[in-house]
Structure formats: C-alpha cells, structure tokens
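The values are calculated or read from the model by the stated rules, or taken from the named source; none is laboratory data. Predicted model, so just to flag it, every value in this text is computed and none were measured. A quick note on method: Cβ atoms are made from the backbone with ideal geometry, for glycine too, and the neighbour counts reach across all protein chains shown. For the accessible areas, the whole protein counts, side chains as well, though only heavy atoms, and no ligand, DNA or RNA atoms are used. Shrake-Rupley method; radii C 1.70, N 1.55, O 1.52, S 1.80 Å.
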Amino acid sequence: MSKKIFVKTLGCQMNEYDSNRILDTVKEIGFAKTENLEETNCYLLNTCHIRHNAKEKVYHEIGRIKKKFEFKKKPFVIVAGCVAQAENDEMLKREPYIDLVIGPQAYHKINNKIEEFLNKQKKMEETNFDAESKFNYLNQIKNSSSKVSSFLTIQEGCDKFCHFCVVPFTRGPEYSRSFKEIISEAKILSQNGAREIILLGQNVNAYKNENYRLSDLIFEIEKIPEIKRIRYTTSHPIDMTDDLIDAYKFSEKLMPLVHLPVQSGSDKVLKLMNRKHSISDYLKIYEKLKTINSNIKFSSDFIIAYPGEEEEDFNKTFDLIKKVGFINSYSFIFSPRPGTVASNLNLIERQISQNRLEKVQKELFDNQIKVNKSLEKNEIKVLVENRINQSNKFFGRSEYMTSVIFDANDNDVGNIINVKINNSNQNTLFGDSVKKSEQKVA
Ligand code: SAM
Ligand code: SF4
Ligand code: F3S
C-alpha cells in the first residue's frame, strides 16, 4: 500500500507554513499528501493552544478519527503544533490512539520518528526546543508551495512573555533564521509561482540575524522581479523601529496595511498584561506611518475583558478604535491559559465581557463595512490568486488584504489587475476586472 498522509491544520499562518514544510519533509520517506481521509495511513493534526478549549478540541478531533477508522486499519496518528508542545507525553497517556506527539521546534526529527515507529511500534514524544537544528535541516529540503500568495517563516518564538500568552511556552525563545537562507527560499517560492510573500514570525519585526533586520529582508526580497507584493505578520509595537517605518517610504512592494496588535487602549491594562508599550508609543508609530503615507491603514488584535479592565479602561479601547479606524482586526474575550501569569486572575463577569466584545466588534465591523462601501464604483488593484472551484469567478486580495471576488481570465492569475468594485459586504468586495496594471496605488 502506498504511503499517504492527511494533514489537518488549526491555528495561525505559522502552523499553515509548518504543515506545508512537514509535507515537504515526509516526501523524503515516501509519504504523499492526500486530501481524502478514507485513503490515509498517516493522520497529522497540527494544533493551536492560543485560546480556551484548545486541548479538548484536539481530543475531540482524534476521537472523530478513531470513530472513522473503527472498522479499518488504524492510521499512524501524529499530534503536532502548540498543544503537542504544551501537553507532551500527557497526550499519549490520555489518548492511546495517538502514536507520536511532536512540538513545533522538532519537525526536523519527524522522519526519524515516523520510521522508528513503523519499525518498532513504539509511541513517542519529541518536544525539545531546537529551532536552529530544525531550520538547518529544513533549509536542505525544497519548499514546494506554489501558491500565488506564499508564507515564509523568518522568525519563531517569543521572549516577551505577555501575561496572557502561551506562545513563549509553546514556541520557545526568539530565533531568527539566516538572512541568506530566507532569500534563497523566497527565490524558490517565486520560481514556484509566488507573486506575494508574507513574512511570518510570532514577533516578525524582532527579526535579527547578524546585522540584518526585517527592513533588510524586505528590500532584498523586493529585488526578486517576480515578487510583486510583500507583507509581514505579526509585529509588536516595541520592535517597530525607524528602519522598518522608513521601509514604507522607500519600498515599492511593501503593502500599505500594517497589522500591529495593541491588545488594549488603556495604559493600565497594558501594564497588567506586561505589554511593554504604552498607547502613546502606539500612536507615535501611527502618526509616523501616516505622515509617510496617509493611505496606510491599520489592523490589530484586541483582548477584551482582561482581568482588571474597568469600564473606563474599556472605553479607552473603544476610543482608540474610533481614532485609528482599524480594518480587518481580531478581537476576543480574554481566555486564561495554563502556565501563564494571568491564568489564575479573577475573571470579569461573563455578561459584561460579552457586552464589551459586542460593542467593540460592532464598531470594528461597521467601520469595515463603511470602508468597503466607499470602494464601490471605484477601481482597485487586486493580485489574482485563483479561480474559485469550477466557476467563472476569481479570488484575489486588495492591497489592504480584503478578499475580492470578480470576473477575470485564467491568464490573470498571478497578475495585479484593476477591478471595478460593484458591491461589498463586511469581508468581501465584488467586481469585474478592468485592465492589467502592475503599479501600487498607495
Ligand atoms: N505576537 C503577537 C503580539 O505581540 O501581538 C501576537 C501573537 S498571538 C499568536 C495572536 C493574538 O492572540 C494576540 O495578539 C492576542 O490578541 C490573542 N491572544 C493571545 N493569548 C490570548 C488569550 N489568552 N486570550 C485571548 N486572546 C489571546
Ligand atoms: Fe504572545 Fe505576542 Fe506577547 Fe509574545 S509578544 S507573548 S507572542 S502576545
Ligand atoms: Fe496557535 Fe501556536 Fe500559532 S498557539 S496561534 S498555533 S503560535
């Protein structure tokens, strides 16, 4: 029987990148990707631990697989990602259906572990932090991603220890990949068909390799002719250095949407969260970027009802949202995570938290609807990513990352074209292609 692997990915873009790299890696030992669960003999679940119920979701999912294969030969079951890192051998004890638990900094060992299991049938757990060995190994394996918009991890881990966050525990200390290797991977991605590169890191703008910073990577990737757009995520306000801010002045390909999580609009709450930045620091970055280019827009992450958030603090978050006019943002009620400083703090009453979240989301969503509506009857630049199934509609994104659905041709895929917007809703713009263009508007 041929070796087939089915991968299900939960969580952030970095997990998506990792899942693709795992697929590239297991190819070396003969495993081909399948999207048909029926024919798989290896099932891998790449997990996320960021909010509540993450662990239970994983056991639930494994239970589903167990049921599916009840009367069939059991697949080899791997749990990877951030829950695997946090739970390690507990998972093997609690759910014997799992065969291998592997943390995000140990993927270079996955082939050995799979082969060891297939030879000895011994269950294993591998959760050491060894980002350097991981990337040294992965650098030797060609990235086969052929998406028009491709992710490229440049940095992993976090040393900032915000009191609410599990990432420093699940991804380990900050590590930046070699500048040379990143550029070489960007070139490979461009040869595979990538026209947009999204640089990834839990603290992407803390990137530092020798003397190279994120801004150096942006300018170097910009030299690759096939690459038309560059983005990066997720950044932290304290690493928004002047060289990166200046990149918005000089770069031709850096997109004018800045995703900069603020979490709260209150200095008191930011202090309680151990965020290490104030609202005035945040607004200084906002002003500097707006002065460089008034078309730059911001998106953010918000944690609502963090323990200690009073009505007055919440109102400051609301005011900040109104002032900045964020688009495409994420907002969640605080979720206590095991092992973090905030895990045992007194929670704000559920109904109050819910009311605050609804108020914030209404403001964020109304603004998004307003911004999208203002684009109707206008032409915008869209990078065409793919045809939607068998339809005559195509999918692409605006410079501000908004989804766009429009009529186009197969030979437009990978090009930036003008789309006239006819209609819109909160998350999507709808229109027709007008003509091809390679220029950046903003
Ligand atoms: N490194 C980024 C930063 O500093 O903002 C964020 C990375 S984290 C993977 C993504 C988002 O998850 C955070 O910005 C935060 O809003 C949210 N998040 C993290 N822990 C959370 C928690 N315990 N409860 C609710 N949201 C949380
Ligand atoms: Fe988590 Fe980001 Fe804070 Fe690091 S900086 S602890 S990844 S929220
Ligand atoms: Fe989730 Fe880990 Fe990403 S906790 S958000 S998969 S870094």
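Calculated FRET efficiency, residue 295 to residue 373, Cβ-Cβ distance, R0 = 22 Å: about 0.80 to the nearest 0.05.
Shown here for segment 177-235: trypsin sites (Lys or Arg not before Pro) in loop regions (DSSP other than H, G, I, E, B) with at most 16 other Cβ atoms within 10 Å, namely 223.
Shown in residue order for segment 209-217 are the 3J(HN,Hα) couplings computed by the Karplus curve 6.51 cos²θ - 1.76 cosθ + 1.60 at θ = phi - 60°: 10, 6, 9, 7, 10, 4, 4, 5, 4 Hz (x for Gly and Pro). The calculated 222 nm mean residue ellipticity attributable to helices in the chain amounts to -11000 deg cm²/dmol, summing -39500 (n - 2.57) over DSSP H runs of n ≥ 4 and dividing by all residues.
So if R0 is 51 Å, what FRET efficiency would residue 52 and residue 434 give, r being the distance between their Cβ atoms, rounded to the nearest 0.05? Before the final figure, lay out each step's value.
Details: r = 46 Å, r/R0 = 0.89.
The pair residue 52/residue 434 has a calculated efficiency of 0.65.
Rolling a 1.4 Å probe across all protein chains gives residue 226 an accessible area of roughly 80 Å². Residue farthest toward the positive end of the dipole of segment 261-317, with Cβ of Lys/Arg at +1 and Asp/Glu at -1: which of 285, 272, 306? Value: 285.
Using only alpha carbon pairs under 8 Å that are at least six residues apart, calculate the relative contact order of the chain and give it in whole percent. Please report the intermediate quantities before stating the final value.
On the way: 875 pairs, mean separation 43.7, N = 442.
Here the relative contact order equals 10 percent.
Between amide H atoms placed 1.01 Å from N, distances below 5 Å from residue 172 occur with 158, all of them 5 or more places distant or on a separate chain.
Distance from the Cα centroid of segment 99-138 to that of segment 214-269 is 33 Å (rounded to whole angstrom).
Using r as the Cβ-Cβ distance of residue 251 and residue 115, and R0 as 41 Å, what FRET efficiency do you calculate, to the nearest 0.05? Spell out each step's value before the answer.
Working: r = 45 Å, r/R0 = 1.09.
That gives a FRET efficiency of 0.35.
The stretch between residue 128 and residue 278 holds 50.6 nm of extra length on full extension. This uses 0.36 nm per residue minus the Cα-Cα distance. Surface composition of segment 266-420: carbon and sulfur make up 50 percent of the accessible area, probe 1.4 Å. Taking a ≥ b ≥ c as the square roots of the eigenvalues of the Cα gyration tensor of segment 138-273, is the shape rounded (a/c under 1.5), prolate (a/b larger than b/c) or oblate? Prolate shape, in that a/c is at least 1.5 and a/b is the bigger ratio. Using the 1.4 Å probe convention, the accessible area of the chain works out to 45 Å² per residue with neighbouring protein chains retained.
Size descriptor for the chain, Kirkwood hydrodynamic radius: 23.2 Å (Cα pairs only, one decimal). Between the listed residues 133, 401, 425, the Cα displaced farthest toward the positive end of the dipole of the chain, a dipole computed from Cβ unit charges relative to the Cα centre, is found at 425. Taken about its Cα centre, the chain carries a charge dipole of roughly 840 debye when the Cβ of each Lys and Arg holds +1 and the Cβ of each Asp and Glu holds -1.
Calculate the spin-label point distance for residue 315 paired with residue 188, positioning each point 7 Å from the Cα along the beta-carbon direction, and give it in nanometres. Each label point is offset 7 Å from its Cα along the Cβ direction, giving 5.5 nm.
Applying both filters, DSSP loop and at most 11 other Cβ atoms within 10 Å, to the chymotrypsin sites (Phe, Trp or Tyr not before Pro) of segment 18-125 gives 71.
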